[in-house]
Every structure is written in structure tokens, then in C-alpha cells.
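What follows is one structure encoded as C-alpha cells, with my remarks underneath.
The values are calculated or read from the model by the stated rules, or taken from the named source; none is laboratory data. What you are looking at is a predicted structure, and each value in this text was computed from that prediction instead of being measured. All Cβ positions, even for glycine, are placed from backbone atoms using ideal geometry, and neighbour counts span all protein chains on display.
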Amino acid sequence: MSRFFLPLTLLTLLALQPSWCWAAETDPRIGQAEERIEAWRLAEAQEIVAALLSENPRSAEALDLSARVHFYQGRYDEALKLHEQALAIDAKNDRRQALRLFAQRTLDTLKKLKRFESEHFIVYLDEERDGILLPYVLDTLEKSFRSIGRALGYSPASKVRVEIAPDVASFNAISTLSLRDIEETGAVGICKFNKIMTISPRVLLQGYRWLDSLSHEYLHHAIVPLSDNKAPIWLHEGMARFYETLWRRAETAKMREDYLSPANRTLLAQALDRDKFVGFKKMEPSLIYLETPEQVQLAYAEAASAIDFFIQRKGEAGVRELLSELRSKPTPEAIEKVVGLPFAAFETEWKRFLRAKGFKEIEGARVRRFKVRESQKADEETVELREIQSVVARNRTHLADQMLERGRSAAAAQEYRRALQASPHSPIILNKLARLLIRQAKYQEALPHLQRALELDPDSGGTLVQLGRLYHGMKNFAAGKAALEEAIQINPFNPEIYRLLHDIYSALGNEAEAKSARTTLERLIRMR
């Protein structure tokens, strides 16, 4: 799963220089204001802009800057008006026109969303379609606020703005990320313009780790002010990946064990074997520009393991010191001061650290690819079949599916087993066979298949739901509760989760939770 931070002074829809670069005689204060805006030091930027406008109220460049300050403050209607004033003075600037259009699109999108607040966050989402997400969103963000605050010593001066897009068009409007960015590089969240933006897990066919994504983007939001927007991409993404699960971990040590997925470990093993890494420089200006999902995930794995290495040497206090040093020093100099190694030596030692971990390729572990529901007619079963690598296993699985549809359960089970012989490390086949065995109440036989599937793909909401169903059948309600509550972190729009949780909560005597699960289930049924 991939999330992105883009520390660009330009909208990704237009690769143009800042407007102040075009002025014949540039006032240095314009550049200073630009830098402060991008570092989210908005009060300082506003002071500079106010002085510029008091001297020349018809300065299109100063009006642009004022618009951007307002935009970064979430005051989109005022930003739009200021852009229009600047265009009335000078309409020939393409970047100014693009900024005005972007402000309009953002304003139009946000008008359709409802505002909610917690102690430290302001959240916008589509209440009708995504209202069930809200309690989880606020809980996760506040837990992230506390855990990241302890780890990095960071507390934002004001409430952090979070916008959850209800569909691809809305996500594109507020973030500039496209359908291709979502499906090809896994860009489901972004931290830009002094806010966090993600797409609803409802939009993706199999969901995604949407709560970890919120925490991931909050980390980016912390890194910008802590480093004065000077942190390189590898450090941004490495820290965000390394710490993104801290909100849901009782112990930091546990978090450090699982920051690399099976696919990440496989990619690192291959990179070490072939000495073919993405490289920190190639990660600039964003991982979104890498060519394949595999390159994106390798880059995440490299960056996160570099943070692991850094913490092993200097501790979390060293991370805080590095971010502080970056405010006034280039990355190589900051690394050398904190670690005591030139940057080239730091990279060499990091690779030695990786080799010592003894990563091995994990057969069956693959980079997850996202599919947007609106982008295709195919259902989840069809997509799963396409992901089975072995043609023989795929054909046998398809045959088993057809037999099951005709009520021939015994024959289907036999065919799934044959498919598993051809592809023994396929989470999809493991899941299908386990699902059938659960129907037949063969819980002990199904359990190892689901455990193996989860080892290969810990981000599969479907596997977690099957585990919840299995434990429900076995009356192991505590284990079922844990599996299903984790499934909510991936695909919260699956009604089966709440149907099972209602029974489990009731059996455990948690009547309030049982009632809430029933309410969510009824709401999801009405939405269909």
C-alpha cells in the first residue's frame, strides 16, 4: 500500500515556475513568502504578504501569495476571490489560471462534504456515503497525535485539516492525483497544502489500510514543520512508513517488527541479491513518479529500513535531532553531524545493516495492486482470478468456483486442493478453500490455510473476515472480535463484518458494541 507526500511549490497539474520568478524585478520578500508558505509558516507568510499589498494593492504576485495563504488555511472561498482579483490585473499567467481553477475545484468538492471536529483535527467527509468511517477516523487521528507526539516531540499549533474524498473525481479535484496514480502506483493518500487528503476505502475493490494511511499522512504533516520543509523524500517516506502503525501498537518493539510487509522483505532480498536499488536520489521529488508498483514499494522498504538503521544507531532522540539539523543544513551535512558518518558511508553501513537481517524471498508474497470500483465492471472474484500466476492453478480455481455455484461442494473442494498443489503459496486459493471448509464446519482444517494466507498478505481484509467467520463458528469470540475489528481497518464497507460482530459482541456481553454493529449493518444494507 502506498501513500505519498509531494513537497512541491507547484501543482502537479502544471509544471510551471512560481509566479514571482517571472517578474522583471523580483522583490526578495516574494520569494521569502513562497518559502514560508511551503513550510506552512503561514502567519509569517501573511505578514510579508500584508506588507506587499499595503505598498501595492494591485500587485498580482502579492495577490497570488495571499490567495495561497488563504488556501493553505482552508479558506478556499477567499482564496478563489483573491486569485480572480489577480487575474483581473494580469490574466496571461498560466500558473495563476491553474491556481484559480484548482481553488474552484477544491471549493466545489468541499461544499459537498460535512465538517466534523475532534480535539486536534477537523475532518471533512461525505456523511451519507462515508459516515460509518468517522468514529474510526477521529480515534485513529487522536491516537496518532499522542503516539507521534511522544516519539517526535511534535504537537501542531492548530487543528489539522483532513479531507476524505468520496470518489476518484473528488480525490483528483482536491489532491491532483489521478486514477492512474491510484491504480498504478497506489497513491491513496497525500499530505499537501497544509492538510491530509485520502480516498474513501469504499472506492477500492478490496479496500486498503486506510487508517494506517491517515496516520502515515499525519507523520508527513509533522515532518514539514519539524524540518522547516527541508527533509528529503527518502526521510519523509521512511519515517512515515516506519511509524505509520505506531497508533495501533501497544509496544514500539512490535511496531518495528512489522513495518516491512512480506512483499517489502522480498523486494529487499532481490535488491540485495542483484545490487539493484531504487536509490535515494531517484525518489525525488516523489515516489509517485517511479515506474511500477514494485519500484514504489521497494523505495518505501529502502527508506523505512534506513530509518530503522538510523534509530538502531542514534535512537528516536537522534531522529528529532536530525529533523532539527535539516532546518539549517543540507541532508548530507545533517546526517554527518548526527550520525558521525559522511552520507556515502551512511548508505554503505545501511546496506550492511540490511544484509545482516538475512532477508529471503517469500514465495507467494506480491505487491498489492489497487482496483477502483468505478474503473471496471469486473467483480472481486474476477480480479482475484487474474492475480493467480499459475495458469493451471487459475483454471482449476475457476472450475472449482463453477462447481461451487452448482452446489457441488465436495468436487469444488477437491479442485481447490488441486489448484493449491499447482500454486501452494497463493493467498487467493488458500482463502477460497478455507471459505468452503468453513461452510462445511471443518474449522480446524480451514485454520492453517487462513493463517498462511495472512502471513503472505497481512493486508487482506478478506482473509481477516474469513478468520472472523471461522472463530465465530468455533465460538472463539475473542479471536473473532480481533480479526473482524482489524478487517474494519482495511474494508469497513463489508456488511459481513458487522453481521458477525453483532453476534460476537452479544456473546461477549458487549451490548453497546452489538447495537452499534447492528446499526452499521442496517446502514450498509440501505446503501446497497
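When residue 503 is tested against (1) outside any helix (DSSP H, G or I); (2) touching a helix residue (DSSP H, G or I) at 6+ places or on another chain (Cβ under 8 Å); (3) surrounded by fewer than 17 Cβ atoms within 10 Å (Cβ to Cβ), only condition (1) is not met. Based on what the data block shows, is residue 486 within 27 Å of the chain's Cα centre (by Cα) and of a type outside the set (Val, Ile, Thr)? Yes, satisfied.
Considering each residue of the range 318-336 in turn, none proves to be of a type in the set (Ser, Thr, Tyr) and not assigned by TED's automatic domain parsing to the domain that holds residue 229.
Counting only residues that are within 34 Å of the chain's Cα centre (by Cα) and more than 22 Å from residue 471 (Cβ to Cβ), the range 396-419 holds 4 of them. The residue pairs whose first member lies in the range 454-478 and is under 17 Å from residue 210 (Cα atoms), whose second member is acidic (Asp, Glu) and in a loop (DSSP other than H, G, I, E, B), and whose beta carbons are closer than 7 Å, counting only pairs six or more residues apart or on different chains, are 463/457. The requirement of being of a type in the set (Lys, Arg), at pLDDT 95 or above and in contact with a Pro (Cβ under 6 Å, 6 or more places away or on another chain) is not satisfied by residue 202.
Kindly evaluate residue 431 against the criterion of being assigned to a helix (DSSP H, G or I) and either in contact with an Asp or Glu (Cβ under 8 Å, 6 or more places away or on another chain) or under 25 Å from residue 210 (Cα atoms) (or both). Considered against the rule, which asks whether it is assigned to a helix (DSSP H, G or I) and either in contact with an Asp or Glu (Cβ under 8 Å, 6 or more places away or on another chain) or under 25 Å from residue 210 (Cα atoms) (or both), residue 431 comes out as yes.
Among the numbered conditions (1) in contact with a Lys or Arg (Cβ under 9 Å, 6 or more places away or on another chain); (2) in contact (Cβ under 8 Å) with a residue 40 or more places away in the chain; (3) not aromatic (Phe, Trp, Tyr), the only one that residue 172 does not meet is (2). Counting the residues of the range 201-222 that are under 16 Å from residue 183 (Cα atoms), touching a Phe, Trp or Tyr at 6+ places or on another chain (Cβ under 7 Å) and assigned to a helix (DSSP H, G or I) gives 2.
Quick check on residue 385: is it touching a residue at least 12 places away in the same chain (Cβ under 8 Å), more than 26 Å from the chain's Cα centre (by Cα) and either part of a helix (DSSP H, G or I) or closer than 30 Å to residue 168 by Cβ (or both)? No; evaluated as a whole, the condition is false for this residue. Among the residues of the range 337-348, are any under 30 Å from residue 494 (Cα atoms), of a type outside the set (Asp, Glu) and in a loop (DSSP other than H, G, I, E, B)? There is no residue in the range 337-348 that is under 30 Å from residue 494 (Cα atoms), of a type outside the set (Asp, Glu) and in a loop (DSSP other than H, G, I, E, B). Within the range 60-77, track down each residue that is surrounded by fewer than 17 Cβ atoms within 10 Å (Cβ to Cβ) and part of a helix (DSSP H, G or I). Matches in the range 60-77: 77 only. Against the numbered list (1) outside any helix (DSSP H, G or I); (2) closer than 27 Å to residue 169 by Cβ, residue 57 comes up short only at (2).
All conditions but one from (1) touching a residue at least 60 places away in the same chain (Cβ under 8 Å); (2) not in a helix (DSSP H, G or I) apply to residue 358; the one that does not is (1). Residues that are under 19 Å from residue 348 (Cβ atoms) and hydroxyl-bearing (Ser, Thr, Tyr) within the range 272-326 comprise just one, 305. When residue 198 is tested against (1) assigned to a strand (DSSP E or B); (2) out of contact with any strand residue (DSSP E or B) (no Cβ under 6 Å at 6 or more places or on another chain), just one condition goes unmet, and that condition is (2).
The residues of the range 81-97 that are without any contact (Cβ under 8 Å) to a residue 40 or more places away in the chain, not aliphatic (A, V, I, L, M) and not in a loop (DSSP other than H, G, I, E, B), listed by number, are 81, 83, 84, 85, 97.
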